[in-house]
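Just below is one structure, and these are the notes that go with it.
Values quoted throughout were computed directly from the atomic coordinates according to the rules given, and no laboratory measurement underlies them. In this text, all values refer to a predicted model and were calculated from it rather than measured experimentally. Glycine gets a Cβ as well: all are built from the backbone with ideal geometry, and neighbour counts include every protein chain shown.
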Amino acid sequence: MGFRSKFENAEKALTFNDVLLLPGWTTLEPNEANVKSKVTRNMEVNIPFIASPMDTVTEAEMAIALAREGALGVLHRNCSAKEEVVMARSVKRAEAVIIRDVVKVNPDTTVEELLKLMEDHNIKGFPVVEAEDKLVGIVTWRDVRLAESNLKVKDVMTESVITGTEDTSLEEAMKVLHEHRIEKLPIVDDQRRVKGLITMKDISLKGTYQEAIRDEEGRLICAAAISPFDLPRAKALDRYVDILIIDVSHFHNKNCFEATKKILKEVNAEVIVGNIGTFQAAEDIITKLEGVAGLRVGIGSGSICSTSVVTRAGAPTLFATSQVADAVRQYGSDITVIADGGMRNPGDVAVAMAVGASCAMMGNVFAGCRESPGRLVAMEGRYYKEYYGMGSERARKKRYIQDRYNQPSKSISEGVEGWVPYRGPVKDIISEFTGGLKAAMGYVGASTIPEMWEKAKLALVTESGAKEAAPHDIMRPGPNRTL
Ligand code: XMP
């Protein structure tokens, strides 16, 4: 085959701005569209948006806020395994009927250590236990706020603790908490060993978030990113999370496959792998990696990516999604396809759905929200939040993310650093994007996401067509949301 045929056989790597959804015959009003979707083989989300595992996008606060809205945030891995586990535990502890993963202290813990634990776990009260988790007291913020830091828990704790058992109903627990004006009810067995904890906070949250995605114990669904080469971290997180995402920039790689095989054998969580960008990569995963539950798709389209500039390698998210979704369909697989990178508005998400995505992962959009961990800065009277790529020099300095990108040279960065406009609380963005996605589904005439796969037709637009399709010939004020 001659070199010239490489041009003849070149794929058209189309991207969001190259296409429009063709309006189709519809019998449905946009608000009737159902955006519920699968995020992995066995797990559903009520809202098909996922926040990227990046340290300016998703830590516990974002993951909790999104799960409560029915969407998902993936905890980043640019930290120690211990820190990532702490984040996962706080997502799992944010809501529950009975907290099972109870943080306990012992009578000899110092007040200083206790205050640190309160800060680390964002908890204001702990059961005090002796050997074999036997309950001997309870200690709360009120007991320690004015105490000397070298005192011990046994000097300040309350010894007579009101407790419940596994048979205590939620209504009974509520009554007891109310009668005694207390916040926490340890659940103990007949040997007084701590088996769980019911809190006033959890009871009052119950029913607040109707759309939340929860596990069978009523806890929020939690997803976390891992390196394929860190089995201990995968196992440590697996105790808490429902979904693990193998997070590398180019997963279609022998070493990644080998390492992932080991992880798949050892964990119970659903495993999503990525990123990939071609039919061939999806085919290899489907045929060679048993047990994968989802594919994260798109290389080099992210708003902070410089991969394609630096290396000229990439697979734009829209193109990649269609390739991977075709492979999944051809093999009759039920692995999900998650489009990742480059989506700026609900229309981009709708187009990704049109070519087979089940969910859309976004970094830029969520980085601007109140719940993201990035710094908030004011510049020339406007608010912005810090946002940088995980392959940027800034992210790689933290060292934990080093293996996401190839490292032939230390001087090569595959991401950039900057700021995004502040967008306010994430629930507003979710509602804006959900409304937009439903409107797009209305134009297509699709009442569900699988119907989008079947019914949506695309038109190719020229560069001038793309310009015309956006607002033009008008001066507009820029975004300036208030805090
Ligand atoms: P958006 O466009 O939503 O994209 O900001 C987020 C996605 O971009 C990927 N990502 C990177 N890609 N260099 C890259 O080439 C980077 O430094 C980088 N950081 C994140 C990632 O897939 C994310 O979900």
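When the GluC sites (Glu not before Pro) in segment 256-338 are filtered for DSSP coil states and for at most 11 other beta-carbon atoms within 10 Å of their beta-carbon, the remaining sites are E290.
Applying a threshold of 31 Å to the alpha-carbon distances of K124/K175; K254/K398; K38/K116; K12/K385; K82/K438; K254/K438 flags K38/K116; K12/K385; K82/K438; K254/K438 as lying beyond it.
Apply 1/(1 + (r/R0)^6) to the Cβ-Cβ distance of K262 and D473, taking R0 = 51 Å, and write down the FRET efficiency to the nearest 0.05. Please report the intermediate quantities before stating the final value.
Values: r = 58 Å, r/R0 = 1.13.
FRET efficiency, K262 to D473: 0.30.
Highest average first, the peptides 229-235, 200-206 ordered by how many other beta carbon atoms sit within 10 Å of their residues are 229-235, 200-206.
How would you order 111-119, 320-328 from highest to lowest mean count of nearby Cβ atoms within 10 Å?
Details: 111-119: 15.9, 320-328: 25.1.
Answer by packing, highest mean first, reads 320-328, 111-119.
Couplings for segment 59-69, taken from phi via the Karplus curve 6.51 cos²θ - 1.76 cosθ + 1.60 with θ = phi - 60°, read 10, 4, 4, 5, 4, 5, 4, 6, 4, 5, 7 Hz in order; Gly and Pro are left as x.
With Rh defined as the Kirkwood radius, the inverse of the mean 1/r over Cα pairs, the Rg/Rh of segment 310-439 is 1.02.
For segment 188-289, the equivalent ellipsoid derived from the Cα gyration tensor has semi-axes of 36, 18, 10 Å, listed largest first.
Our compactness index for the chain, the C-alpha radius of gyration over the empirical 2.2 N^0.38 Å, is 1.07. Work out, in µm²/s and without decimals, the Stokes-Einstein translational diffusion coefficient of segment 259-301 at 10 °C, 1.306 mPa s, Rh from Kirkwood over C-alpha pairs. The Stokes-Einstein estimate is 146 µm²/s.
Ranked highest first by average number of other Cβ atoms within 10 Å, how do 173-184, 360-371, 133-144 line up?
Numbers: 173-184: 14.7, 360-371: 26.2, 133-144: 18.5.
The most tightly packed comes first, giving 360-371, 133-144, 173-184.
Loop only per DSSP, at most 14 neighbouring Cβ atoms within 10 Å: give me the chymotrypsin sites (Phe, Trp or Tyr not before Pro) in segment 257-358, ordered by residue number. Kindly include the intermediate steps, with their values, before the conclusion.
Numbers: sites: F257, F279, F319, Y331; in loops: Y331.
Listed in order of number, the matching sites are Y331.
Dividing the alpha-carbon radius of gyration of segment 111-205 by 2.2 N^0.38 Å (N being the number of residues), what value is obtained? Show your work: numbers first, answer last.
Details: Rg = 13.5 Å, N = 95, 2.2 N^0.38 = 12.4 Å.
Segment 111-205 yields a ratio of 1.08.
Taking amide H as placed 1.01 Å from N in the peptide plane, the amide H of L458 sits under 5 Å from that of L22, each at least 5 places away or on another chain. What the phi angles of segment 436-442 give under the Karplus curve with 6.51, -1.76 and 1.60, with θ = phi - 60°, is a coupling list of x, 5, 5, 4, 4, 5, x Hz, glycine and proline written as x. Bridge orientation summary for the chain: considering DSSP beta bridges with both residues in this region, about 50 percent are antiparallel.
With the Cα gyration tensor of segment 202-360 giving a ≥ b ≥ c as the square roots of its eigenvalues, does the rule (a/c under 1.5 for rounded; else a/b larger than b/c for prolate; else oblate) give rounded, prolate or oblate? The partial results should precede the final answer.
Working: a/c = 1.70, a/b = 1.25, b/c = 1.36.
Oblate, since a/c reaches 1.5 and b/c is not below a/b.
For H121 and E148 in one chain, what is 0.36 nm times their gap in residues minus the Cα-Cα distance, to one decimal in nm? The partial results should precede the final answer.
Working: separation 27, 0.36 × 27 = 9.72 nm, distance 2.13 nm.
That pair, H121 and E148, stretches by 7.6 nm at full extension.
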